[in-house]
Amino acid sequence: MNISHEKVDAINAVIKVDLAPEDYNPQVDKEIKDQAKKAKLPGFRPGLVPTAHIRRTYGKSILFDTINKVVNEKITAYIGENKLEVLGQPLPLEETAEYNWDYKDTFQFAYEIGLAPEFVNPFTKDAEFKEYEIKADEETLASRIKNLRRSYGKMTNPEVSEEGDVLYANLKQDKEEGIEKTTSVRTDIIEDAKIKKSLVGLKQDDVVKIDIKKAFKAEDIARILGITEEEVEALDVTKFELTVKNINRLEESDLNQEFYNKLFAEGEVTEESQFREKVKEEVENLFKQNSDQRLRNDMYTFGMEKVAVAFPEEFLKRWLKATNPSISEEELNEGFADFLNNLKWTIIENRVVTENNLEVKYDEVINLAKERIYAQIKMYNINEEPTDEQLSQYAIQLLQDKEQGNRLFEEAKALKVFEFLKGQIKINKEEIEYAAFEKLA
């Protein structure tokens, strides 16, 4: 067997494979023998079908499949041995030779490949980035404390409504045989200030008229009235009569020991100053994720701007069509720029991984899965504290889903590249309050 490649230009090449009978016949003979042992054919005892019969009946099909398998294996090995950084997969060039398929042919195959472009890694000590240490301002801290107190508060039914209450009310469309629905109306999501004010100071059985489209977003109207968003858009009359049936108010929990023990280990927090410090610590830990994401975004933008490369676009379009037969020309062209952007960052990441022998280990993917699961559990129940064993079981179950496993592996790889590159660049740290951080472009 002879296999070689020839560059067409810096990003396109052709791999050529010459296959002689001695390169494929041993595998063909083995496959025919295996088929003879497995075959169940009329007139023959199971497992005793003559190989000559299999060769005569199925030989050409077996020969064709075996040659494809041999060629694909050899090309894959050749690419690895020669450290060719290919994009997509090799595509067979149109054949002009005709073969007898009689186990004596010398086959010649040619495949076009796309090559990753060469570039210089721009992430060096000369590259400067800003890393923000985000501090919780009073407004953000107050908002988080209020949400926690409301989460552990109690529901009351006051006589007079205030802003933020939930009105259990009957809504009746202002026309004959219009829509009528008894439902809960959240006043905190009302967008129109005048309508919001009109729902303050109401008592049971009080009646007001509101323009429901001015008050709420389409998706909220759909939920309140139990109709589709398409039906919301088609409403001919948007004035509704609202009759109060009941007033619901979520009172904030008192800042006492019972409340502290619901949030933290018993006795860990005993006074308001400790509570505020704990909440501040929790919020700023969450802000660390915002800071990391900002730095990752800045590094991504920098890398994409500094790495100016050309791709084998025509080859890649042919490959995308070959692997997605149902894709239309219009769909291909519409998404191609985004595809090239994703590909560009992927080759930057992959180059960092290969040049620096970075390796994503299974334990790292498991730990990342455990972190994601833990965060999700705490989001819905701050008091629940799963054991490490439970988290490990959940993580293994999650990774058994191939799509989720691939996503977490890619995320672990991206994090490893990010952490590595942070050690190669110059980082200037800066403290900033959350409100100011949010205003950054």
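Of all the residues that make up the stretch 242-269, how many are under 30 Å from Ile190 (Cβ atoms) and either without any contact (Cβ under 8 Å) to a residue 12 or more places away in the chain or of a type in the set (Asp, Glu) (or both)?
Total meeting the criteria: 3.
If we scan the stretch 116-126, do we find a residue that is aliphatic (A, V, I, L, M) and surrounded by 13 or more Cβ atoms within 10 Å (Cβ to Cβ)?
The answer is yes, given that some residue of the stretch 116-126 is aliphatic (A, V, I, L, M) and surrounded by 13 or more Cβ atoms within 10 Å (Cβ to Cβ).
Return the residues of the stretch 264-286 that are part of a helix (DSSP H, G or I), out of contact with any strand residue (DSSP E or B) (no Cβ under 8 Å at 6 or more places or on another chain) and not hydrophobic (A, V, I, L, M, F, W, C); say none if nothing qualifies.
Glu272, Ser273, Gln274, Arg276, Glu277, Lys278, Lys280, Glu281, Glu282, Asn285
So, of the residues in the stretch 284-317 that are open to solvent by less than 30 Å² (accessible area, probe 1.4 Å) and aromatic (Phe, Trp, Tyr), which turns out to be modelled with the lowest pLDDT?
Phe287
Here are the criteria: (1) open to solvent by less than 30 Å² (accessible area, probe 1.4 Å); (2) within 30 Å of Arg276 (Cα to Cα). Tell me which single one Ile247 does not satisfy.
Checking Ile247 against (1) open to solvent by less than 30 Å² (accessible area, probe 1.4 Å); (2) within 30 Å of Arg276 (Cα to Cα), the one that fails is (2).
Restricting attention to the stretch 73-91, does a residue exist that is of a type outside the set (Val, Ile, Thr) and farther than 30 Å from Ala310 by Cα?
Looking for residues that are of a type outside the set (Val, Ile, Thr) and farther than 30 Å from Ala310 by Cα, one finds none in the stretch 73-91, hence no.
Out of the residues in the stretch 389-437 that are within 25 Å of the chain's Cα centre (by Cα) and loosely packed, with under 11 Cβ neighbours inside 10 Å, which is nearest to Glu266 (Cα to Cα)?
Gln400
Looking at (1) farther than 30 Å from Val14 by Cβ; (2) in contact with a Leu (Cβ under 8 Å, 6 or more places away or on another chain), which is the one condition that is false for Glu128?
The failed condition is (2).
Filter the stretch 8-35 for residues that are assigned to a strand (DSSP E or B) and of a type in the set (A, V, I, L, M); which is nearest to Gly114 (Cα to Cα)?
This residue is Ala13.
Go through (1) of a type outside the set (Gly, Ala, Ser); (2) open to solvent by 60 Å² or more (accessible area, probe 1.4 Å); (3) under 30 Å from Glu94 (Cβ atoms); (4) over 24 Å from the mean Cα position of the chain (by Cα) for Asn324 and report which single condition fails.
(4)
Hey, Asn261 hits all of (1) in a helix (DSSP H, G or I); (2) open to solvent by 60 Å² or more (accessible area, probe 1.4 Å) but one; which does it fall short on?
(2)
Within the stretch 148-162, can one find any residue that is surrounded by 12 or more Cβ atoms within 10 Å (Cβ to Cβ), under 37 Å from the mean Cα position of the chain (by Cα) and basic (Lys, Arg)?
Just the residues of the stretch 148-162 that are surrounded by 12 or more Cβ atoms within 10 Å (Cβ to Cβ), to begin with: 148-153, 158, 160-162.
Imposing the further condition that a residue be under 37 Å from the mean Cα position of the chain (by Cα) reduces the set to 148-153.
Pick out the ones that are also basic (Lys, Arg) and you get 149-150.
So far as the stretch 148-162 goes, yes, one or more of its residues are surrounded by 12 or more Cβ atoms within 10 Å (Cβ to Cβ), under 37 Å from the mean Cα position of the chain (by Cα) and basic (Lys, Arg).
Mind checking which strands (runs of 3 or more DSSP E) fall wholly inside the stretch 63-136 and carry at least 3 residues that are within 22 Å of Asn342 (Cβ to Cβ) and over 29 Å from the mean Cα position of the chain (by Cα)? Even if it seems obvious, please write down each step before you answer.
On the way: elements: 86-92, 107-115, 128-135.
Fully inside the stretch 63-136 and qualifying: nothing.
Return yes when Thr140 is at pLDDT below 95, hydroxyl-bearing (Ser, Thr, Tyr), under 27 Å from Phe259 (Cβ atoms) and within 40 Å of the chain's Cα centre (by Cα) and no when it is not.
Here the answer is yes, as Thr140 does meet what is asked.
Within 30 Å of Arg318 (Cβ to Cβ) and either touching a residue at least 60 places away in the same chain (Cβ under 8 Å) or touching a His at 6+ places or on another chain (Cβ under 9 Å) (or both) - does that describe any residue in the stretch 25-40? Quick ask: steps written out before the conclusion?
Looking only at the stretch 25-40, we keep the residues that are within 30 Å of Arg318 (Cβ to Cβ), and these are 27.
Imposing the further condition that a residue be either touching a residue at least 60 places away in the same chain (Cβ under 8 Å) or touching a His at 6+ places or on another chain (Cβ under 9 Å) (or both) reduces the set to none.
Looking for residues that are within 30 Å of Arg318 (Cβ to Cβ) and either touching a residue at least 60 places away in the same chain (Cβ under 8 Å) or touching a His at 6+ places or on another chain (Cβ under 9 Å) (or both), one finds none in the stretch 25-40, hence no.
Would you check which residues across the stretch 32-82 are small (Gly, Ala, Ser) and over 29 Å from Glu95 (Cβ atoms) and list them? Step through it out loud before you land on a result.
Our first condition is that a residue be small (Gly, Ala, Ser); within the stretch 32-82, this holds for 36, 39, 43, 47, 52, 59, 61, 77, 80.
Scanning the stretch 32-82 gives Ala36, Ala39, Gly43, Gly47, Ala52.
Name, by its number, the condition in (1) farther than 24 Å from Arg150 by Cβ; (2) modelled with pLDDT of 95 or more that does not hold for Gly226.
(2)
Quick test for you: out of Thr66, Thr96, pick the one residue that is open to solvent by 70 Å² or more (accessible area, probe 1.4 Å) and either closer than 20 Å to Ala322 by Cβ or among the hydroxyl-bearing types (Ser, Thr, Tyr) (or both). Lay out the reasoning, then the answer.
Numbers: Thr66 fails: open to solvent by 70 Å² or more (accessible area, probe 1.4 Å).
Answer to the check: Thr96.
Report whether or not Asp254 is open to solvent by less than 50 Å² (accessible area, probe 1.4 Å) and charged (D, E, K, R).
Spelling it out, it is not the case that Asp254 is open to solvent by less than 50 Å² (accessible area, probe 1.4 Å) and charged (D, E, K, R).
Out of all the residues in the stretch 327-353, which are open to solvent by 70 Å² or more (accessible area, probe 1.4 Å) and farther than 17 Å from Gly303 by Cα?
Glu329, Glu330, Glu331, Asn333, Glu334 - these are the residues of the stretch 327-353 that are open to solvent by 70 Å² or more (accessible area, probe 1.4 Å) and farther than 17 Å from Gly303 by Cα.
Name every residue in the stretch 36-61 that is in a loop (DSSP other than H, G, I, E, B) and of a type outside the set (Val, Ile, Thr), in order of residue number.
Ala39, Lys40, Leu41, Pro42, Gly43, Phe44, Arg45, Pro46, Gly47, Leu48, Pro50
Could you look through the stretch 182-204, keep only residues that are open to solvent by less than 50 Å² (accessible area, probe 1.4 Å) and of a type in the set (D, E, K, R), and pick out the one that is farthest from Glu241 (Cα to Cα)?
Residues of the stretch 182-204 open to solvent by less than 50 Å² (accessible area, probe 1.4 Å): 183, 185, 187, 189-190, 192, 195-196, 198-199, 201-202.
Next cut, of a type in the set (D, E, K, R) only: 192, 196.
On the way: Asp192: 17, Lys196: 15 Å.
Per the criteria, the residue is Asp192.
The values are calculated or read from the model by the stated rules, or taken from the named source; none is laboratory data. Note that the coordinates shown come from a computational prediction; the quantities given were computed from them, not determined experimentally. Glycine also receives a Cβ, built like all others from the backbone with ideal geometry; neighbour counts cover every protein chain displayed. The area values use the complete protein model at the heavy-atom level, side chains included, leaving out ligands, DNA and RNA. Shrake-Rupley method; radii C 1.70, N 1.55, O 1.52, S 1.80 Å.
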